[in-house]
Amino acid sequence: MPPHLPRLYEAAAYDTSRLPASHWHATAGPAPACPPLAGPLRTGTAVIGAGVTGLAAAIALAARGEAVAVLDAGPPGWGASGRNGGFVCVGGTKLSDTAIARRFGDAEARAFVRFQEAAVAEVAALIATHGIAAETGPAGEVCLAHSPAAMGRLAAAAAARARLGGTPARMVPAAALAAEGLAGPGFFGAAVSPVGFGIHPLRFLHGMMRAALAAGVRLACMTAVRGLAPEGGGWRVETAAGPVLARRVLVATNGYSAETLPPWIAGRTLPVLSSILVTRPLTPAERAAAGFTDARMAFDSRTLLHYFRHLPDGRFLFGMRGGLSAAPSALARTQERARAHFEAMFPAWREVETAAAWSGLACLTGSLAAFAGPVPGAAGLFAAFGWHGSGVAMGTLAGGRMAAAMLGGDGGIPAPLAAPPRRFPLPPLRRAWLAAAYLAAGLADGPVGGRPTRETSHNALK
Ligand SMILES: Cc1cc2nc3c(=O)[nH]c(=O)nc-3n(C[C@H](O)[C@H](O)[C@H](O)COP(=O)(O)OP(=O)(O)OC[C@H]3O[C@@H](n4cnc5c(N)ncnc54)[C@H](O)[C@@H]3O)c2cc1C
């Protein structure tokens, strides 16, 4: 990516010259051809960022007859869309349903819940429509209580969601976890929602790229945008191959956003690291030994949550938020911490080797909710970002809905996503705020797997 664009983390986080060594990249099969832009271009809409958000917008714009070019600084699937956990799930905010209802009213909160569930359905529909071999997993998402008190909070959250018209979750008491294949030393019950399913995220992304190409979208990889300025009633998008002149621009750069592209975005995003490890395939006996055999997507109720699921080929995927530096040595330490948490939560698999580990950037905003809409004060400029670690479904639906909004219609974006995000207070200190928030959350969450891990006991000493 252009080194002169200011971003929040170390340069290594933005090195688009190589793909992360992820399980997904090792198993996705060949990527669609996506050569860099070769020269100046004039188009209807330019989309910056070829993740799920940008591609969904491009496909929907092309379906409406719009000429579209999608520009990405990296190779196919370089961003979070090619390296996430593959949870097709509700989300897009860190606000509770109750907080959203309080801020926006019941009707908008209901519309937002409907949007979240429609987002999951949208991914399923795109997979079916475009015949994407996405390695779809079983339906449903399990939230495991990490303490007895958390079980009460899960039940309250499930009731709040049901009140707003969401699909009800089923509460599973601790004593019934083993029968559901959800046992673990630190699990005290669960809320099981039928909404959501797992996918191979990079296969999905490749499928979206192929669908965009088939719809006539111009895709340019290894094409970093260096600048953006209004020109002739539209926008001039600067690249090394020359300018792209477009009537409209959608910025869909999420956790990899630069602080100046456009300047309005400065201080409104907080990219956060998330790290994943994938084991070698577990034998059926190993799966049974842990008592955790259910293949639905799962996560725990910690603020600094862990997310995990069995993959179709028997491997186990385990991910967690955390880490304050993207320097290679710091990332290696964060991945070691992820391994320590994995061993604490699933002690039966202590001897099971990690086959691949990698990290990437998700994105929070100053309003704790995602944004999809026009950039204030900049006619023809739009942005969609801030999926709060759950953008696979939310970014896909919001990207698609942005097409209508960008062409002057009603995009059907619910109020919580339409409100431009606030700036973080004292934006240069965002990583310091994050350090404090992680420390507080780690203390409140307590030990992992019912006992201190190398990391938690170390933190306790600090
Ligand atoms: C490790 C990890 C695990 C996750 N797990 C899940 C999960 O299981 N489920 C879920 O729903 N969400 C998950 N997320 C979040 C999810 O991956 C993201 O919310 C989603 O992929 C965002 O999609 P996007 O298209 O908005 O952005 P991205 O996929 O990040 O794409 C942004 C693109 O913008 C490009 N870009 C940036 N700047 C420029 C520029 N100047 N010029 C050109 N291109 C540029 C980048 O190269 C990048 O490809 C996870 C994230 C991470 C990091």
- Return yes when Ala56 is crowded, with 18+ Cβ neighbours inside 10 Å, closer than 30 Å to Gly196 by Cβ and touching a Gly at 6+ places or on another chain (Cβ under 6 Å) and no when it is not. yes
- Task: Considering each residue of region 385-404, count those that are within 16 Å of the ligand (Cβ to nearest atom) and assigned to a helix (DSSP H, G or I), and give that number.
- Result: 13
- Message: I'm checking my understanding of the structure. Among residues of region 37-50 that are within 11 Å of the ligand (Cβ to nearest atom) and on the phi < 0 side of the Ramachandran plot, which one is surrounded by the fewest Cβ atoms within 10 Å (Cβ to Cβ)?
- Response: Leu37
- Just for region 217-243: of the residues that are under 19 Å from Met406 (Cβ atoms) and not in a strand (DSSP E or B), which one is nearest to the ligand (Cβ to nearest atom)? Val225
- Of Arg218, Arg236, the only residue that is free of Cβ contacts under 8 Å to residues at least 24 places away in the same chain and in the same structural domain as Ala80 (by TED's automatic domain parsing) is Arg236
- Message: Could you check region 249-274 and list, in sequence order, the residues that are of a type in the set (Val, Ile, Thr) and assigned to a loop (DSSP other than H, G, I, E, B)?
- Response: Thr253, Thr260
- Note on the structure: If we take region 51-137, then helices (runs of 4 or more DSSP H) inside it with 3 or more residues that are within 14 Å of the ligand (Cβ to nearest atom) are 52-63, 106-129
- Item | Condition check for Arg401: open to solvent by 20 Å² or more (accessible area, probe 1.4 Å) and under 28 Å from Ala26 (Cβ atoms) | no
- Task: Tell me, yes or no, whether region 197-213 has at least one residue that is open to solvent by 50 Å² or more (accessible area, probe 1.4 Å) and of a type in the set (Phe, Trp, Tyr).
- Result: no
- Using beta carbons and a limit of 9 Å, which pairs, at least six apart or on different chains, have the first residue in region 23-44 and of a type in the set (S, T, N, Q) and the second one assigned to a loop (DSSP other than H, G, I, E, B) and open to solvent by 50 Å² or more (accessible area, probe 1.4 Å)? Thr27/Glu135; Thr27/Asp313; Thr43/Ala67
- Which residue out of Thr93, Thr129, Thr27, Thr43 is in contact with a His (Cβ under 8 Å, 6 or more places away or on another chain), of a type in the set (Ser, Thr, Tyr) and farther than 27 Å from Ala169 by Cβ? Thr27
- Here is a list of conditions, (1) within 13 Å of the ligand (Cβ to nearest atom); (2) open to solvent by 10 Å² or more (accessible area, probe 1.4 Å), and Val251 meets all of them except one; can you say which number that is? (2)
- Please specify each residue of region 266-306 satisfying the condition of being within 22 Å of Trp358 (Cα to Cα), more than 16 Å from the ligand (Cβ to nearest atom) and surrounded by fewer than 20 Cβ atoms within 10 Å (Cβ to Cβ). Arg280, Pro281, Thr303
- Query: For region 305-322, what are the residues that are over 15 Å from the mean Cα position of the chain (by Cα) and modelled with pLDDT under 95?
  - Reply: none
- Query: Mind checking whether some residue in region 337-354 is within 14 Å of the ligand (Cβ to nearest atom), in contact with a helix residue (DSSP H, G or I) (Cβ under 8 Å, 6 or more places away or on another chain) and open to solvent by less than 20 Å² (accessible area, probe 1.4 Å)?
  - Reply: no
- Out of (1) within 19 Å of Ala224 (Cβ to Cβ); (2) not in a loop (DSSP other than H, G, I, E, B), the odd one out for Ala38 is which? (2)
- Message: I'd like to know if region 363-384 contains one or more residues that are among the aromatic types (Phe, Trp, Tyr), in contact (Cβ under 8 Å) with a residue 60 or more places away in the chain, more than 10 Å from the ligand (Cβ to nearest atom) and in the same structural domain as Ala145 (by TED's automatic domain parsing).
- Response: no
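The values are calculated or read from the model by the stated rules, or taken from the named source; none is laboratory data. All values derive from a computational prediction rather than experimental measurement. Virtual Cβ from ideal backbone geometry, glycine too; neighbours counted across all protein chains shown. Ligands, DNA and RNA are stripped out before the accessible areas are found, and what is left, the full protein with its side chains, is counted by its heavy atoms. Shrake-Rupley method; radii C 1.70, N 1.55, O 1.52, S 1.80 Å.
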